[in-house]
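Here's the structure, in structure tokens; my notes come after.
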Amino acid sequence: MDLQTKKLHIIESILSIGNEKVIEKLEAVLKKEQQKEDNKRVSIEQYNRELDEADAEIDKGEFYTQEEVEKMSRKW
């Protein structure tokens with residue numbers, strides 16, 4: 001399977017996702033990967049902003065417990 005076909009399959013999979021949290025997490029992963037590709041160092045301001053965002057997600061209950069992660073990983 002060539003790269004373009006793989007991309008198309010990924011797009012089709014994304015279109016079928018109905019859970020907004022999953023989309024947001026996918027978006028975050030893609031954003032981080034893009035930063036790696038750009039090979040840019042993160043500024044201290046950006047680093048602190050990301051820490052604040054992560055803390056806010058935790059405060060809103062948007063996280064997985066160790067138990068939940070272990071259950072999910074068994075399905076991989």
Quiz item: Within the set of pairs 6 or more residues apart or between chains, which connect a residue that is surrounded by 10 or more Cβ atoms within 10 Å (Cβ to Cβ) inside segment 57-76 to a residue that is of a type outside the set (Lys, Arg) and in a loop (DSSP other than H, G, I, E, B) with Cβ atoms less than 8 Å apart?
Solution: GLU57/PHE63; MET72/TYR64
Practice problem: Take the residues in segment 32-56 that are loosely packed, with under 10 Cβ neighbours inside 10 Å and either basic (Lys, Arg) or in contact (Cβ under 8 Å) with a residue 40 or more places away in the chain (or both), then tell me which one is farthest from ILE14 (Cα to Cα). | Solution: ARG41
Quiz item: Taking segment 1-31 only, how many residues are exposed (fewer than 10 other Cβ atoms within 10 Å of the Cβ) and touching a helix residue (DSSP H, G or I) at 6+ places or on another chain (Cβ under 9 Å)?
Solution: 1
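Restricting segment 12-52 to residues that are assigned to a helix (DSSP H, G or I) and β-branched (Val, Ile, Thr), which is farthest from PHE63 (Cα to Cα)? Please lay out each step first, then the result.
Going through segment 12-52, the residues assigned to a helix (DSSP H, G or I) turn out to be 12-15, 20-38, 44-52.
Going one step further and asking which of them are β-branched (Val, Ile, Thr), we end up with 14, 22-23, 29, 44.
Numbers: ILE14: 21, VAL22: 12, ILE23: 14, VAL29: 15, ILE44: 24 Å.
Out of the qualifying residues, it is ILE44.
Read the figures in this text as sums done on the coordinates, not as results from a lab. The shown structure was predicted, so the numbers you read here are calculated from the model rather than taken from an experiment. Every residue, glycine among them, receives a Cβ derived from its backbone with ideal geometry; neighbour counts consider all protein chains shown.
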